[in-house]
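A short write-up of the structure that comes next.
Bear in mind these aren't lab numbers, they're just calculated from the coordinates by the rules spelled out. These figures come from a predicted structure and were not determined experimentally.
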Amino acid sequence: MARRATDGWSPWALSTGLHGVLLVMLAGGVVLTRMQPPTDTALALEAVVVDAATLAALQRSVAPQPQPRPAAPQPAPQQPAPPPPAVQQPAPAPAPTPVRPVEVKPRPTPRPSKPPSSTKPAEPAKPVERTPVVPAVDPARAAAEADLQAALAEEERVAALRASGLAAQWSAAIRARIERAWIRPDSARPGLDCTVAVTQAPGGTVLRVAVRTCNGDEAVRQSIEDAVLRASPLPAPPDPALFERELLLRFRPDV
């Protein structure tokens, strides 16, 4: 029974023992490491012999020197306030300067300098010839103006002919022909005076006749109209410009 028990627990005991041995070895190594004395490092030192006087001088130079306290800032002196600006008094007006009359002296009239005898008289400037500008003329307007001028000239010529007495001669020739063609009726009294309107064609052919005013009776009026028709064609004027289509004649056979 005791063997069986030992056989059952031997692996566990062996494992535990091994772990314990390892722990002991680790603990021993740590203790040995801490117990080992540190290695001393040798320092090389150089000794210098210094006397007492030199040592005292070094101590004085090394000893800290007392620093002086900064002086308290003094207040700045107060400057006196500037005096108020002086009020400028207006400058007195300058006294007027008396104006002296200026004497104007007449300037001497310069005498014209005589040109030297050798100097030639200046040639007169030649006039510049300019071409007259002819405005554009409308042909229709020019023709109308020409006709108007011709008509005015013809009227002036006819007026001159009438003033010359040719028209009076033509009127007298017409009245003479009508009187020669007139047959005096029994009722016509002496001093007969009638006005007759005659319309004629070119060449003297009578187209219409009418007695306007007359101091005779109806037989006298009819005899005068018949005389005008028998006198057709009437005499032609001495100048064609004197021809008139409408004539107003005065019939007085006793004059």
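Backbone phi angles across the range 155-160, fed through the Karplus curve with coefficients 6.51, -1.76 and 1.60 (θ = phi - 60°), yield HN-Hα couplings of 5, 5, 5, 5, 4, 5 Hz in residue order; Gly and Pro are listed as x.
Once you have the Kirkwood Rh of the range 160-251 from its Cα pairs, apply Stokes-Einstein at 20 °C and 1.002 mPa s and quote D in µm²/s.
158 µm²/s
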